[in-house]
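The values are calculated or read from the model by the stated rules, or taken from the named source; none is laboratory data. All values derive from a computational prediction rather than experimental measurement. For neighbour counting, all protein chains shown are included, and Cβ atoms are generated from backbone atoms with ideal geometry for every residue, glycine included. Side chains are part of the model used for accessible areas, which takes the heavy atoms of the whole protein and leaves out ligands, DNA and RNA. Shrake-Rupley method; radii C 1.70, N 1.55, O 1.52, S 1.80 Å.
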Amino acid sequence: RNRTRHLARANEDLRRTRDAFDEERKQLLSVFDSIEHAICITDPRSHQVLFANRLLRQQLGTDPVGGKCHGDVSARGVSPLPLGASGAGPGNGQEPHGWEHHDPACDRDYWLTTRTVGWPDGRDVRLETALDITDQKRVHREKEELAGQLRHAQKLEAVGSLAGGIAHD
């Protein structure tokens with residue numbers, strides 16, 4: 001009888017633990033899927049995609065989890081690239097490394113960030129994010145063009161004032 005109660009209590013504790021784990025997992029997935037950065041987690045040795053958030057899945061048109069980042073993801077020629085291909089160069093440590101990338105396949109600009117993080121099974125994996133900065137870059141270029149036009153107009157105004165002063169003299 002005590003053993004039966006003990007087993008029932010243990011089963012109930014196990015059920016509560018599983019429910020709590022499932023709830024935490026749903027919360028984390030909800031957070032990752034709400035972020036407006038494409039997020040990809042890959043194994044740097046096998047190049048297998050371990051996680052892709054909603055935005056990356058939408059952009060790729062498929063769920064790349066389980067595929068190879070250099071083949072299944074990069075070969076699609078869709079943004080954000082080169083997620084999964086940043087193993088070379090900086091960013092191999094715990095500190096994030098960021099750089100700007102223009103993706104000619106979709107004519108978009110991205111700010112890519114990569115860093116190494118610990119995975120629950122103890123291995124180190126690559127956490128990579130891509131933020132579409134195409135609109136910000138366009139606005140920046142337009143501002144630069146307008147500033148150049150303003151400087152040109154100011155120069156013409158100064159020349160006109162000087163010419164007017166000389167004519168007056």
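The accessible-area ordering, largest first, of the residues LEU162, LEU56 stands as LEU162, LEU56, per a 1.4 angstrom probe. Residue-wise HN-Hα couplings along region 127-142, as the Karplus relation 6.51 cos²θ - 1.76 cosθ + 1.60 with θ = phi - 60° gives them from phi, are 9, 10, 10, 9, 10, 6, 10, 4, 5, 5, 5, 4, 4, 4, 4, 5 Hz; Gly and Pro carry x.
From helices alone, the chain scores -15500 deg cm²/dmol at 222 nm; the rule is -39500 (n - 2.57) for each run of n ≥ 4 DSSP H residues, then divide by the residue total. Note on exposure: HIS101, HIS6 ranked by accessible area (1.4 Å probe, complete protein assembly) read HIS6, HIS101, with the most exposed listed first.
Got a number for carbon plus sulfur as a percent of the chain's accessible area, 1.4 Å probe? The computed percentage sits at 54. The listed residues SER46, SER161 rank as SER161, SER46 when sorted by accessible area, largest first, using a 1.4 Å probe. Labels on offer are (1) 52; (2) 60; (3) 48, and the one holding percent of Cα pairs over 22 Å apart computed from this structure is (2). Normalising the average separation of contacting C-alpha pairs (under 8 angstrom, six or more residues apart) by the number of residues puts the relative contact order of the chain at 16 percent.
For the chain, modelled as a Gaussian network with Cα springs under 10 Å, which listed residue fluctuates most, LEU28, LEU146, LEU50? Taking springs between Cα atoms under 10 Å, the residue moving most is LEU146. Relative to the Cα centre, the charge distribution of the chain, modelled as +1 at Lys and Arg Cβ and -1 at Asp and Glu Cβ, gives a dipole magnitude of about 1100 debye. Please find, in a Gaussian network model of the chain (springs between Cα atoms separated by less than 10 Å), the residue of GLU144, GLU95, GLU157 whose mean-square fluctuation is greatest. Maximum among the listed residues: GLU157.
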